[in-house]
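Down below is the structure, laid out as structure tokens.
What follows is calculated from the coordinates using simple rules that are stated; it is not laboratory data. What you see is a predicted model, and the numbers here were worked out from it, not measured in a lab. Note that we place each Cβ from the backbone using ideal geometry, even for glycine, and neighbour counts take in every protein chain shown.
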């Protein structure tokens, strides 16, 4: 099995790239979805968050209100770090569990884990290869404005709050530039897929 990390900033087209990889036969997992799942009622992440932050982070239906939790931790570095300390190990364990399940049924699989903060957290080191998805700055701003209904200032602020694209690219084993149209991006993803298939058989047992 080849384990591939995939990352990139907001609005660069990671979801579209992952959709193509999935259509080509890769097993694609969204780390954000895993993070949401571990804080569902009855799961360990839920219990830890409620114990640490109290009932004030709960919605009327007793699920965790992500907006309320976000307000608490967004401007409080200490609480944000505490939340990460609580949930990061649980999220990593769940990701590992998903990958082991794939390995058990398809030992020759290509698994792709899409995670926005993979480099920042250091979790990219767990993977055989790291793909960084990016596009030019003007295209990124335009996409963020359109997708999130942001003003120019809001889009720039959200982009500037993340690790710069140039820095992310320094960690990449493979790059996918999505600055062009859908067809150009799909062509590049298919090229990368063929490269990964070669790696799978030449570098991995």
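Normalised by the residues of region 57-205, what does the relative contact order come to in percent, with Cα pairs under 8 Å and at least six apart?
On the way: 80 pairs, mean separation 28.5, N = 149.
Across region 57-205, relative contact order equals 19 percent.
Ranking request for peptides 173-186, 122-135: highest mean number of other beta-carbon atoms within 10 Å first, then the rest in descending order.
122-135, 173-186
Taking only Cα atoms and a 10 Å spring cutoff, compute GNM fluctuations for the chain and point out the largest among 22, 161, 172.
Per the Cα network of the chain with a 10 Å cutoff, 161 tops the list.
Based on the Cβ-Cβ distance of residue 82 and residue 108, what FRET efficiency does E = 1/(1 + (r/R0)^6) give at R0 = 41 Å, to the nearest 0.05?
Step by step, r from the Cβ atoms, then E = 0.50.
Report the calculated FRET efficiency for residue 121 and residue 187 (r = Cβ-Cβ distance, R0 = 22 Å), to the nearest 0.05.
Efficiency computed from Cβ-Cβ geometry: 0.10.
To the nearest 500 deg cm²/dmol, what mean residue ellipticity at 222 nm is calculated for the chain from DSSP H runs of n ≥ 4 alone, each contributing -39,500 (n - 2.57), summed and divided by the residues?
That comes out to -17500 deg cm²/dmol.
Sorted by packing (mean other beta-carbon atoms within 10 Å per residue), highest first, where do 36-42, 112-118, 57-63, 26-32 land?
Sorting 36-42, 112-118, 57-63, 26-32 by mean packing, highest first, produces 112-118, 26-32, 36-42, 57-63.
Between [x] 39, 24, 11; [y] 30, 24, 14; [z] 29, 18, 17, which matches semi-axes √(5λ) of the Cα gyration tensor in Å calculated for the structure shown?
[y]
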